[in-house]
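*Asks:* Here it is, the structure, as structure tokens.
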Amino acid sequence: MASLGELERSVMDYIWSRDASVTAYDVQAEIADKSSKALAVTTVLTVLSRLEKKGFVRRERSSRPHGYVAVSTRNDHVASLMHEVLGSSSDRRAVLERFVGQTTPDEAAALRKMLDGR
Amino acid sequence: MLAASILLALLAVALAWPVPVILARARWAPRAPALALFLWQAIALAGGLSMLGALVTFGLIPFGPTLLSGAGKFLSELFSGDHSVNAGLAYLLCDCAAVLLAAHLIFNLVLTIVSAEQQRHRHRQLVYLLASPDPERPGTHVIDSAAPVAYCLPVGLRSMTVFSAGLVALLTADELRAVVAHERAHITQRHDLLLVAFRAWHLSLPWFPIAYRAEREVEILVELLADDRARHLVADGTLAAAIIRVAAENSVAIDSSAPLPRQGSATVATAELRVSRLLSPLPAPSRPTQLLVIALGIALIVAPAYLLVFPIYG
């Protein structure tokens, strides 16, 4: 049995791959197709409502069964994540520890020289 | 308790200005980052203790000859409403200031921890959805972005290291191992706790120039410590090459998109220090120096505690 986190990821991947809204049954069929694992619709609905609570999908209540659409595209999410990582405010620095921070091209050139001049 | 109060105040002033400046300039610090970190913690702890202690010991002078008897009398007066001690306004103001300062420091620490945890939690959720776990490196996630970044996200016991696809493409397998080792050192040595504590200290005393300096120094020392850990697993030159390549590539990325953040020069100073330490390693300070630093750190913590419990009568 896949963990809830992995399920959330595969459900989200599917929703991102589709332009139109999807229903829990679409998701169930897709996951059965892909991993040849049968999931109960209730499990799919649990995953979808968790994703909704986290603000990744929006539920459309106008139709029955309810349709789900992604709030923003995958690329937008990656971009905002990277923005958070690359921002070098001290606020961020305390939250995550980056391998190397931001430099200017001049500074980078000086660093390169240190390696070449060995 | 007046003598104790004066001594504590002098200690607080020394720890607020000259001592941190000397430590920040100490040449031995990059050669013994763990020792320097120990001393920074001792300075922060002793500084807070002596600041509060000076206020408390002065404020309790009318209430009793020692801290304990004074505090007991003060509290019983406060709650019984029987005001037999005629304490001057200056003493009472000091008591208020001590309580306010202690509350302020604790409140800021809690606030900083909670907000960092919330941000990490949210970030972690995004990484889980957007990045795929690296099958070759457990605990590592690869995010599909061209900018070469690597960072670790300490969240409780389930910390994660995140790489971008750009980083994996940029570095050799050995250099990637160096990055993993560096980030893993941050996680196993719980550097996040240190960073949050010093950040809280800085936030609660923003007008204190030294609080910012201490935060910066601790950030740098933590990087050096993680480098030293990584050196056990990879060659010094490999780690240096990884640092330089990532720094160079990041500079290109930022050049074309956003204006340079203010901390740019501080970062490069750190990168330079890290690289030069790796390429031309200096020996650790001599044993006597190390012992001296340890003794100094212990003395810094013990002195204000001693003055608080056994005030000099006078």
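The values are calculated or read from the model by the stated rules, or taken from the named source; none is laboratory data. Keep in mind that this is a model prediction, so the values were computed, not measured. Positions of Cβ are generated from backbone atoms using ideal geometry, with glycine treated the same way; all protein chains shown enter the neighbour counts.
*Asks:* Out of all the residues in the stretch B:125-155, which are more than 7 Å from every other protein chain (Cβ to nearest Cβ) and closer than 22 Å to B:A226 by Cα?
*Replies:* Once the filter is applied, which keeps residues that are more than 7 Å from every other protein chain (Cβ to nearest Cβ) and closer than 22 Å to B:A226 by Cα, the stretch B:125-155 yields B:D134, B:E136, B:R137, B:P138, B:G139, B:T140, B:H141, B:V142, B:P148, B:P154, B:V155.
*Asks:* Which one is surrounded by the most Cβ atoms within 10 Å (Cβ to Cβ) among residues in the stretch B:147-179 that are more than 18 Å from B:R124 (Cα to Cα) and in contact with a Ser or Thr (Cβ under 7 Å, 6 or more places away or on another chain)?
*Replies:* Taking the stretch B:147-179 as the starting set, the residues that turn out to be more than 18 Å from B:R124 (Cα to Cα) are B:147-148, B:166-179.
Those left that are additionally in contact with a Ser or Thr (Cβ under 7 Å, 6 or more places away or on another chain): B:147-148, B:166, B:174-175, B:178.
Values: B:A147: 20, B:P148: 25, B:G166: 20, B:D174: 15, B:E175: 21, B:A178: 27.
By that ranking, first place goes to B:A178.
*Asks:* Okay, next question. Show the residue pairs that are 6+ apart or on different chains and have beta-carbon atoms under 8 Å apart, the first residue being within the stretch B:229-252 and closer than 11 Å to B:L278 by Cα, the second being surrounded by 24 or more Cβ atoms within 10 Å (Cβ to Cβ) and modelled with pLDDT under 90.
*Replies:* Close Cβ pairs satisfying both conditions: B:I243/A:F99; B:I243/A:V100; B:I243/A:L111; B:I243/B:A271.
*Asks:* Within the stretch B:28-69, track down each residue that is assigned to a loop (DSSP other than H, G, I, E, B) and without any contact (Cβ under 8 Å) to a residue 60 or more places away in the chain.
*Replies:* Here is the first cut: in the stretch B:28-69, the ones assigned to a loop (DSSP other than H, G, I, E, B) are B:28, B:32, B:60, B:64-66.
Once the filter is applied, which keeps residues that are assigned to a loop (DSSP other than H, G, I, E, B) and without any contact (Cβ under 8 Å) to a residue 60 or more places away in the chain, the stretch B:28-69 yields B:L60, B:G64.
*Asks:* Would you say A:R50 is of a type in the set (K, R), part of a helix (DSSP H, G or I) and at the interface with another protein chain (Cβ under 7 Å from one of its Cβ atoms)?
*Replies:* Numbers: of a type in the set (K, R): yes; part of a helix (DSSP H, G or I): yes; at the interface with another protein chain (Cβ under 7 Å from one of its Cβ atoms): no.
Spelling it out, it is not the case that A:R50 is of a type in the set (K, R), part of a helix (DSSP H, G or I) and at the interface with another protein chain (Cβ under 7 Å from one of its Cβ atoms).
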